[in-house]
Every structure is written in structure tokens, then in C-alpha cells.
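Presented below is the structure to which this report refers.
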Amino acid sequence: MRAWLRRWYMRTTSLSIPWAGNRAFVRVLYVLWSWVYDWSIAWDRAFSGNARRMVEATVREEDRVLDVGIGTGLLAEYGAPLATQYLGIDYSG
């Protein structure tokens, strides 16, 4: 993710901290920002390529993976086909 986009994203999503107990608000915020995150990752080919290489270097066929804070599922997209079992959880889900 580009530095300016990361700063903007972090500044605006930090507004959700006082609302952390309100799951409905967090879910709406996540839906609104997930497309920005996915777009920025698709736009930054170096990041997505490095993420894919990192997962391919660490996940083996016999592994059972727990992905905490799965977000939009970028790493799951790369890791799930490699692992025996891949479970992802996220607060927004």
C-alpha cells in the first residue's frame, strides 16, 4: 500500500476505536474500507507479490493454519490451497 494511502487509511479507521464495542458500526466501517484496501493491494503489485512469496515460503502441505485478523483474505487466497487446513477469523466477520 502506498505510504500516503496507508496514513489516510489509518487516520480514518482509528475513528472506529471509540465504537469498538458496537459490532454493527465496525462491520459497516469494514465494508466501506475493504474495497479501498483490496484496490490498493491490487495496485501495489510489489506488495502482493511479496505477500504471495512469503506465504509460499512458509506454508507447507501438512500445515494447519490459523489466520487471525484475516481482513479481506489476501493471505488466505495464497495460503489456503497450500495447507491441509486453513481457518481465518476477523473481528468484523
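Just so you know, all these numbers are worked out from the coordinates, no wet-lab data involved. Remember, predicted model here, so these are calculated numbers, not experimental data. All Cβ positions, even for glycine, are placed from backbone atoms using ideal geometry, and neighbour counts span all protein chains on display.
Summarising the amide proton neighbourhood of residue 86: residues at separation of 5 or more, or on other chains, whose placed amide H is nearer than 5 Å comprise 65. What residues of the stretch 37-64 lie in the reach of a label at residue 82, counting those whose backbone N is under 13 Å from a point 7 Å from the Cα along Cα→Cβ? Label zone hits: 49-64. Extension gain for residue 35 to residue 64 (0.36 nm times residue separation, less C-alpha to C-alpha distance): 7.6 nm. If the chain linking residue 57 and residue 3 were pulled fully straight, counting 0.36 nm for each residue of separation and taking away their Cα-Cα distance, it would gain 16.8 nm.
If the viscosity is 0.692 mPa s and the temperature 37 °C, what translational diffusion coefficient in µm²/s does Stokes-Einstein give for the stretch 37-93 when Rh comes from Kirkwood over Cα pairs?
D = 279 µm²/s.
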